[in-house]
Every structure is written in C-alpha cells, then in structure tokens.
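Undergrad: The structure's right below; bear with me while I get my questions together.
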Amino acid sequence: VLFSIPFGRVTTFSAVLPSALAAVGTVGLTYYLGSQLNRRVGWLAAIILATSPSFWYEAGSATIDMLLAFTVMLTITALYFRDSCQQPIWKTLHLAGAVLFWVLAFLTKGPVGIVLPAAAWGGYLLLKKRVKDFLLFSLLAVSVAAACAGAELLIAWRQGGAEFVREMIQMQLTSRVGQKENKPIYYYLIGLLGAGGAWIFWCLPSVKRLLDQWRS
C-alpha cells in the first residue's frame, strides 16, 4: 500500500518494489557481516546469495518472504553490533534496534520471524561456546516471543472474542502440528539444496573441510 501511494493504485512495479529493495538490503547486510571475517568472504557471500535462483525469484515477486529475510538480517546485524560494541550506551541502542527489527520480523510472517533470528544468533553463541551469553539471549528471545504473541492474541480477543483467539491459535499452531499433513523431515533440506542452485556443488568441499575440522 505504501509503495503504491505515489502511483494512485497498485501496479506490478509498486507490488514488487518492496521485495526488490529488501533483497538489495539483505545482500548488503550479507556482505557487511561476511566482510567482518575478510572482504573476500563478504564478496563471496553476497554474490552467492544474489545469484541463487530462489533468492532472485523472490526478489522479483510480490511476496512477504523477502521482507522477512530482510528484517531477520537486520535483527542479526543489530545483535552483532551490540556484541562487538564496547560503549554501554551504544550496546543499549543496538539491543533496542534488534528488538524492534525482531518485532517487525514477527509482524511480517508470524512466529517464524522470532524463531529464525533466535536460531541464528543462538547457534552462533553456542558455536563460540559462550554458554552464559546463550542463556541470557534465550531469556531475551522468550521475552520477545511472549510479548509479540501476547499482544497479537490480545488484539484478536478485542476484535473477535475468545472464539477468534481459539481460531488464531489453531491456524498458527495446532493445525500445522497435528491436523494438516506435514512435509517429511528432509523437506527443508531439499528446499535449501534447490535454492542454492549450482553453488551447492561449489560449497561441498568447504562443507567437508568444516566437518574434518570439527572432528579434529
């Protein structure tokens, strides 16, 4: 709606523009985070992402998935800023930004907007063996999830009463877990392989080296 205001109506361009801009922003953030290792990693990460078939397709589609990816990346980047910053005031501001972007990710596509940043940053902390930081971050994640879910259910209750709340919980959770036919456990693995396109084959030697390092 916002991007269609200048045109006076919804057009193909105005419908796709949010996804395209979110894709550009996501590639830029990917480059930045990768370049914290070195510039070569940053450029490779950005190029691999930008040329992956699924990413390219979503960038040119009127969907909410690219906006979700962008808000998730904003959340992770803000958490990284906070983690690498030394000044208390900036740590607080970066944390506030991370929570704001986290909430926006939830508003974009529901609970998955909470889960993805939590899994990414929580996994990073565990790989670094920062158990105390992981536990504190887990408390933050639970608090953000509870606040978002509570606010959503409160709005639903005020709009449609207890019956509407029950329907929302069923739609978002119980029907997905127990009533609808679920995909097999390897579904997302196949999806990731397809999304990566030809880059998957290029990455296989790197995966092998990573596993060898992990075992040693």
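Computed from the coordinates by the stated procedures, all read-outs in this text should not be read as laboratory data. Computed from a predicted model, the values in this text were never measured in an experiment. Quick reminder, even Gly has a Cβ in these numbers, built from the backbone with ideal geometry, and neighbours come from all protein chains shown.
Undergrad: Can you tell me which aspartates and glutamates have their Cα less than 14 Å from the Cα of LYS128? Leave out same-chain residues fewer than eight positions away.
TA: ASP83
Undergrad: Is the C-alpha gyration tensor of segment 87-138 telling us rounded, prolate or oblate? Criteria: a/c under 1.5 is rounded; beyond that, a/b larger than b/c is prolate, otherwise oblate.
TA: Oblate.
Undergrad: Quote to one decimal, in nm, the extra length available between TRP157 and GLN172 on full extension: 0.36 nm per residue of separation minus the C-alpha distance between them.
TA: Extra length from TRP157 to GLN172 when fully extended: 3.9 nm.
Undergrad: Oh, and also: Under 5 Å between amide hydrogens, which residues at least 5 positions from GLY197 or on another chain qualify, with H placed 1.01 Å from N in the peptide plane?
TA: Long-range HN contacts for GLY197: none found.
Undergrad: Right, here's the next one. Which one of VAL72, ALA198, SER61 has its Cα pushed farthest toward the positive end of the charge dipole of the chain, where Lys and Arg give +1 and Asp and Glu give -1 at the Cβ?
TA: Towards the positive end, the residue furthest out is ALA198.
Undergrad: Give me the dipole magnitude in Debye, nearest 20, for segment 6-115 about the Cα centre, with unit charges on the beta carbon: positive for Lys and Arg, negative for Asp and Glu.
TA: It comes to approximately 180 debye.
Undergrad: What list of ³J(HN,Hα) couplings, whole Hz, do you get for segment 201-216 from phi and the Karplus terms 6.51, -1.76, 1.60, once you set θ to phi - 60° and write x for glycine and proline?
TA: Per residue, the Karplus-derived 3J(HN,Hα) values read 5, 5, 7, 4, x, 5, 5, 4, 4, 4, 5, 5, 5, 5, 5, 6 Hz.
Undergrad: Which residue, THR75, THR51, THR11, tops the fluctuation ranking in a GNM of the chain built on C-alpha contacts under 10 Å?
TA: THR11
Undergrad: If you don't mind, another one. GNM on the chain, C-alpha springs below 10 Å: top fluctuator among LYS129, LYS109, LYS91?
TA: LYS129
Undergrad: If you don't mind, another one. Would you list, by chain and number, the aspartates and glutamates whose Cα falls below 14 Å from the Cα of LYS109, excluding same-chain residues fewer than 8 positions away?
TA: ASP65, GLU152
Undergrad: May I pose another question? Using packing as a proxy for protection, rank 61-67, 189-195 so that the peptide with the highest average count of other Cβ atoms within 10 Å comes first. Intermediate results must be reported in sequence, preceding the final value.
TA: On the way: 61-67: 17.7, 189-195: 12.0.
The peptides rank, most packed first, as 61-67, 189-195.
Undergrad: In addition: With a ≥ b ≥ c the root eigenvalues of the C-alpha gyration tensor of the chain, is it rounded (a/c under 1.5), prolate (a/b larger than b/c) or oblate?
TA: It is rounded, given that a/c, with a ≥ b ≥ c, falls under 1.5.
Undergrad: Full-extension gain between VAL142 and SER216, please, as 0.36 nm times their residue separation minus the C-alpha to C-alpha distance.
TA: Extra length available between VAL142 and SER216 comes to 23.2 nm.
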